[in-house]
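Single-structure report; data block below.
The values are calculated or read from the model by the stated rules, or taken from the named source; none is laboratory data. Fair warning: this is a prediction, and the values are worked out from it, not measured in the lab. Virtual Cβ from ideal backbone geometry, glycine too; neighbours counted across all protein chains shown.
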Amino acid sequence: MVRQNGAKPALILLCAALALAGCKSKQEKADDYYDSAMALVAKGDIPRAMIELRNVFEYDNSHQAARREYGDLLLASGRVQEAYGQYLRLAEQYPDLADAHRVLAELSLRSGNPDEARRQMNATLDLAPDDPGALAVGLALQLRAAMARNETSAYAGIATQARALAQRAPDVATAWHVLIDTLNAQGDQAGTLAAVDSALAQKPAQYRLQVMRLELLAKLKRNDQIGPQLKQMQKLFPDDPKTRTALIAWYVLRDNPDGAADFLRKLAGDPASETEGYVQLVQFLAQSRGVDAAAKELDSLIAQSKGTPNARLFGAMRADLDFTAGRQDSALARMKTLLQDAPEGEQTDRLRVSYAQMLDRAGQREAAQAELDAALKAAPDLVAALRLRAQWLIEDDNPEDALVALRRALQQAPQNAPTLTLMAQANLREGAPDLAGARLAQAYEATDHGATEARNYTDFLLDQKRITAAAALLSEAIQRNPDDPGLLHRQADLALSQTDWAQAQRIAEHLDALKRPEGAALAQSIRAAILLGRGQSDAAIDTLKSLADSTSNNGAIAAVIQAQLAAGRADAAHSYLADQLAANPDDRGLRLLSANLDALTGQGKAAEAGLRALLSERPADSQPARQLYRLLAAAGRDGDAAQIIDTTLAAQGASPDPLLLLYRARSQQKAGQYEAAIATYDALYQRSSDNAVLANNLASLLSQHRDDKPSLTRAARIAQRFRESPEPAFKDTYGWAEYRLGNFAQAEPLLAAAAAGLPESALAQYHYAMVLAANGQDAKAAEQMQKALDLAGANLPAQMKDAPAKLKALQAGAKSGN
């Protein structure tokens, strides 16, 4: 009883405590969550702190301190739009908070909304007339307006005010940015650099200003400070790939690849547990010091990581290195050994995919398929395996199933650029260029405007004749990747094609500033093209000669000759080339140029003799064989031309030149050897199924010279990529393939477009007549068939031998129909 009586008061006390806890007001609960959030912020646990702040709003939606803190945390994490929303709500709930309006003004300025920036700035100044942040926003708006009007006279006054404001309130970043941008607009590089340094002293982790500082150091030729600047940027932004790449390039330019390698090793970490950094290290060593240096590094990494999963990964990299270097047997043997005792898991599945890729590249598609099937059986959602399966399906002209695999891959990694790029290829193969363009744009965005994806997207736009869009894309991409030679080359080609000489000149100057040999050569060729475009032949030829002298490059010598021929100076071209040959009489490239020049200037016998001499020395050399074939074919010597191809291909053995195979296919087709031509085109197509010309020629031969359904179905699958093609010959191929399959409704609009686009082609008109007849339009078909026969004349193509009989039948049907 005593124990019971003693327990009762304790129970009462406990219930009272619980009751008191349950009686906390909503405000007290909100404050508790806020205090918890601030404690987590102090510990650096930002994600949990943000959860606690959201809990605050469940009990007090107008908690001023919590709303402000939540906005600050969002801003610090780069979620600008969400932060803007929080500060907008804070300003609505507490309209007298000057600093809330000031932050909104600054964010509006950053997002390119000057009207809202001005409205929030005025709201701030109404509450705090001397607020430095709002005054800085006002100066920024003044500068933007002056730049828009090209009112350079206003720059000095804005700079003076910005400098005074920055000195009075050095923690106001906007004031520094206005000062920096104004000085930069005035061309005061030294003053801009000093202002940048002052701004960075307040807050070093400003990426834009750090990049600007690097550019200014380069412009001011303060080369001794570039390395330390890059190292500082790497320290501040360790995850920024552009900074890392720039620092590596800096080491290389200083002829210090060992320093770059040491830097990469330091970043990479422990080889027993880290991998990504070592992949970059090995790639760098392979490019800068050769395969042997990369192999030595991998052997060391394998030894250091022995007994860990990384050892197997580094072993696979070693195998890939051997494979790329041509040691295929040893590479495949190494991969097979690695997989024999590998435990089941994601790494093993990925190694199987790598092994499958190697087997496929070695010509063992069946064995490769078995490895891929094993990987997908163990991991059906493995992105690398799904991509490889899709790639093979695209090559087999099965884009529909490829897209199924790629959509599954995209579910695992929605912003994976290689998957998106492969989807674009599948879309193109199925004849959907609009979808392909959307995927390429998505890949470009997914990589934060990466150079590779920018080049892919640009090439697509140029292929689609979307010149304005391609120009805009290049402009944006080069801002993000200012030193990418591929992008600069494309921009230069575009500028030259549009006779935008000023733009082309700026690109040439930029390439010179890169101080890379290939950049300097490209810059000189751009300048020569500008001069030729402007009709200044003498200056252009002198520029090209200078380039040829500085590079000792036969391509540059060929450019000189081409320019001389374009200017009507054949004798000068011969004389120049004779001088080059006198200095290097055994140079096969120059001898090839000489034969080509003879052919171009009507000296066919001399050209043939020179080319045959080159071939007799090296019977497997494709270059003289190609030129000799073209020379003989142009002279109507088809038999001799075909013999050159056969002899050279026989000498080449298992590694035939694709262009010579293409010449063989054309010769076979011209000679009426259609089955032989199909076999040759098929061999070429297996090697390069994305080549539109090969696809068109193979599909055309299959649909015109075979009658079995598998061949006709394959022709249609190959040609479906031409569904939206502007090229009428390609539409004719696809339309005729669908016609042969009996898909007359689908074929008619394609063949109608082809006939309209090829008004002088008897075969295109015949194909259109046939589909009209198949769709019951006898009168119109008869008219079209007559047009085809009129164009063909007396010598009907083999494919049109039935046209006269078809015309009579159609005319009879048209009469009976009437």
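Quick notes on this structure:
- Flag not set for GLN503, criterion: crowded, with 23+ Cβ neighbours inside 10 Å, without any contact (Cβ under 8 Å) to a residue 24 or more places away in the chain and assigned to a helix (DSSP H, G or I).
- Region 598-629: number of residues that are within 21 Å of LEU662 (Cα to Cα), buried (at least 16 other Cβ atoms within 10 Å of the Cβ) and of a type outside the set (Asp, Glu): 11
- Qualifying residue in region 282-290 (condition: under 26 Å from GLY519 (Cα atoms) and touching a Lys or Arg at 6+ places or on another chain (Cβ under 7 Å)): no
- Selection from region 328-348 of residues that are of a type in the set (D, E, K, R) and modelled with pLDDT under 90: ASP341, GLU344, GLU346
- Some residue of region 473-491 being under 26 Å from PRO726 (Cα atoms), outside any helix (DSSP H, G or I) and of a type outside the set (A, V, I, L, M, F, W, C): no
- Applying the condition of being over 42 Å from the mean Cα position of the chain (by Cα) and either part of a helix (DSSP H, G or I) or not assigned by TED's automatic domain parsing to the domain that holds LEU104 (or both) to region 130-152 and asking which residue is surrounded by the most Cβ atoms within 10 Å (Cβ to Cβ) yields LEU135.
- Residue count for region 258-279 satisfying the condition of being surrounded by 14 or more Cβ atoms within 10 Å (Cβ to Cβ) and within 16 Å of LYS231 (Cβ to Cβ): 7.
Per-residue answers, yes or no, for (1) surrounded by fewer than 19 Cβ atoms within 10 Å (Cβ to Cβ); (2) among the aromatic types (Phe, Trp, Tyr); (3) more than 30 Å from LEU660 (Cα to Cα); (4) touching a Pro at 6+ places or on another chain (Cβ under 7 Å):
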| residue | (1), (2), (3), (4) |
| --- | --- |
| ALA539 | yes, no, yes, no |
| VAL560 | no, no, no, no |
| SER575 | yes, no, yes, no |
| ASP587 | yes, no, no, no |
| ASN596 | no, no, no, no |
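- Exactly one residue among ALA764, ALA716 is surrounded by 21 or more Cβ atoms within 10 Å (Cβ to Cβ), of a type in the set (A, V, I, L, M), more than 35 Å from the chain's Cα centre (by Cα) and in a helix (DSSP H, G or I), and that residue is ALA764.
- The lone exception for ASP640 - which of (1) modelled with pLDDT under 95; (2) surrounded by 17 or more Cβ atoms within 10 Å (Cβ to Cβ) it fails: (2)
- Segments classed as helices (runs of 4 or more DSSP H), wholly inside region 373-458, with at least 3 members that are more than 29 Å from ARG714 (Cα to Cα): 433-446
- Those residues of region 365-402 which are within 20 Å of ARG350 (Cβ to Cβ) and either of a type in the set (Val, Ile, Thr) or touching a residue at least 40 places away in the same chain (Cβ under 8 Å) (or both), in sequence order: VAL383
- The listed residues are LYS780, LYS815, LYS801, and the only one of them that is more than 49 Å from the chain's Cα centre (by Cα) and either outside the structural domain of GLN669 (by TED's automatic domain parsing) or farther than 25 Å from ALA715 by Cα (or both) turns out to be LYS815.
- From the options THR160, THR192, residue that is surrounded by fewer than 16 Cβ atoms within 10 Å (Cβ to Cβ) and farther than 25 Å from TYR84 by Cα: THR160
Residue-wise test of (1) in a helix (DSSP H, G or I); (2) closer than 26 Å to TYR629 by Cβ; (3) over 35 Å from the mean Cα position of the chain (by Cα).
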position	(1), (2), (3)
ARG666	yes, yes, no
ALA699	yes, yes, no
GLU724	no, no, no
LEU751	yes, no, no
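- Filtered residue count, region 481-493, keeping only those that are within 15 Å of SER525 (Cβ to Cβ), surrounded by 17 or more Cβ atoms within 10 Å (Cβ to Cβ) and not polar (S, T, N, Q): 4
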